[in-house]
Amino acid sequence: MSLNVPLGAHAVVTEEEALRYIFKDREMHTEEEKDVIAQIINGVSAAIEGYIGNYVVAREITEFLDGGREIVFLSFRPVRELKEITEDGNLLTPDQYYLYEREGYIKKAFGRFVDKPRCVKVVYRAGIAEDVTTVPDDIKLAALIWCDVIWNNGPANLSNPLEPRYEWVENYRDMPRQVAKLLERYRKGFHIA
């Protein structure tokens, strides 16, 4: 019986890409196979984001940052859209700050942010790609390789493939070496595409 597992909104590859990569020339797939592939894609996508310390597919984030400085650093980059920035409850206008999208920080145009903890609220969209269609090829390839390894080599118990098994990609020591090499440049502190 099929579960019809939905692909997560932040999947780094599509179900069609994974099916084509894993099964090569085979065109017909059972619903159970599709469900397992969707679970694997969801798990691999989350594990990749955890490994690199950044979102691959952009999403909206709300952060509360400490003031007292001229610059506040955001947790995710590149910034795709700055929706709102408030300082001690007051909405800032674009002439009151400078946004450095690629670097992921905001600089106050004049002076410093108010010297209070968590007084700077920033609502923004950030991620390496706008959506699954613009995910860089090396990240897609890393995800596809990892999905293929999981499908073909584990988990050991694929006898009950419909039972949710997110532990398939729970720790990074099981990450294939070639996947880690493809993702290394995206890890926090490294170059963002």
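The values are calculated or read from the model by the stated rules, or taken from the named source; none is laboratory data. Since the model is a prediction, treat every value here as computed from it, not as a measurement. Cβ: placed from backbone, ideal geometry, glycine included. Neighbour counts: every protein chain shown. Just the protein is used for accessible areas: all its heavy atoms, side chains included, with ligands, DNA and RNA removed. Shrake-Rupley method; radii C 1.70, N 1.55, O 1.52, S 1.80 Å.
Would you point out the residue of the stretch 87-98, among those that are in contact (Cβ under 8 Å) with a residue 12 or more places away in the chain and buried (at least 17 other Cβ atoms within 10 Å of the Cβ), that is nearest to L183 (Cα to Cα)? My answer is Y97.
Looking at E49, E17, E27, just one residue is part of a helix (DSSP H, G or I), open to solvent by 30 Å² or more (accessible area, probe 1.4 Å), farther than 23 Å from Y98 by Cα and of a type outside the set (S, T, Y), and that residue is E17. Can you say whether V12 is open to solvent by less than 10 Å² (accessible area, probe 1.4 Å), in a loop (DSSP other than H, G, I, E, B) and either over 13 Å from W146 (Cβ atoms) or not charged (D, E, K, R) (or both), as far as the supplied structure shows? The answer is yes for V12.
Taking the conditions (1) modelled with pLDDT under 90; (2) within 16 Å of A126 (Cα to Cα) in turn, M28 satisfies each one other than (2). The residue of the stretch 122-137 that is farthest from V56 (Cα to Cα), among those that are open to solvent by less than 60 Å² (accessible area, probe 1.4 Å) and not in a loop (DSSP other than H, G, I, E, B), is V122.
Of V56, V13, V72, all but one fail to be touching a Lys or Arg at 6+ places or on another chain (Cβ under 6 Å) and modelled with pLDDT of 95 or more; the exception is V13.
Taken together, the criteria exclude E81 from residues that are part of a strand (DSSP E or B), modelled with pLDDT of 95 or more, open to solvent by less than 40 Å² (accessible area, probe 1.4 Å) and in contact with a Lys or Arg (Cβ under 9 Å, 6 or more places away or on another chain). Looking only at residues in the stretch 107-121 that are of a type in the set (K, R) and at negative phi, which one is most open to solvent (accessible area, probe 1.4 Å)? Per the stated criteria, the residue is R112.
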